[in-house]
Amino acid sequence: MSKAVMISIQPRWCELIARGAKTLEVRKNKPKLETPFKCYIYCTDNKGVHDLLEIHGEDGKIRRANENVIGEFVCDRISPIAMTADGLVDVVDLKTSCLSVQELLLYSAGKLPLYGWHISDLLLYDKPKPLSEFQSYNCGVVWKDGYPIPTHEIKRPPQSWCYVREGGTDEDS
């Protein structure tokens with residue numbers, strides 16, 4: 001797993017992922033990476049909605065998780081989610097996404113397929129990490145050996161997801 005992705009997820013979904021109830025994250029697109037790859041979970045602020053996610057650390061302290069990277073998982077496969085007029089083709093994946101058919105149809109806005117990113121090897125951080133610890137890739141502009149080159153520290157979270165490298169390390173070079 002040489003490259004990684006940072007994915008923005010709302011607090012209510014982060015909580016379900018943390019509890020192990022949500023093992024499929026649904027997105028409108030997918031990265032140009034071979035699976036498996038690492039995904040860093042950025043817990044959004046939810047803009048005025050008071051969904052506050054807290055992490056209880058091993059030291060007994062409670063930390064606010066919103067607007068931080070709360071953990072990581074391995075996306076071991078991505079499955080296209082095709083829908084019919086009667087609902088979904090793969091009902092098992094729908095259950096693991098914690099979404100209803102109506103929520104999925106609303107999210108898709110008629111654009112298919114959607115993609116189910118399978119969550120495995122979940123690791124929640126004892127202390128959430130700030131965005132400043134990660135570098136983003138300016139995809140499509142600067143490439144080396146088939147991969148985008150890190151171009152700058154992340155100052156804003158991704159709208160959906162972006163390619164990243166954890167700042168200060170050379171593991172993804």
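Table for the structure above
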{"read-out": "Output for region 74-106, where each listed residue is modelled with pLDDT of 80 or more, under 25 Å from residue 5 (Cβ atoms) and either β-branched (Val, Ile, Thr) or more than 20 Å from the chain's Cα centre (by Cα) (or both)", "value": "74, 78, 81, 96"}
{"read-out": "Residue 35 being hydroxyl-bearing (Ser, Thr, Tyr) and modelled with pLDDT of 90 or more", "value": "yes"}
{"read-out": "Qualifying residue in region 135-155 (condition: among the basic types (Lys, Arg), at pLDDT below 85 and over 12 Å from residue 6 (Cβ atoms))", "value": "yes"}
{"read-out": "Matching residues, region 101-115, being assigned to a helix (DSSP H, G or I), surrounded by 13 or more Cβ atoms within 10 Å (Cβ to Cβ) and free of Cβ contacts under 8 Å to residues at least 40 places away in the same chain", "value": "101, 103, 105"}
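The values are calculated or read from the model by the stated rules, or taken from the named source; none is laboratory data. Since the model is a prediction, treat every value here as computed from it, not as a measurement. When we count neighbours, we look across all protein chains shown, and the Cβ atoms used for this are built from the backbone with ideal geometry, even at glycine.
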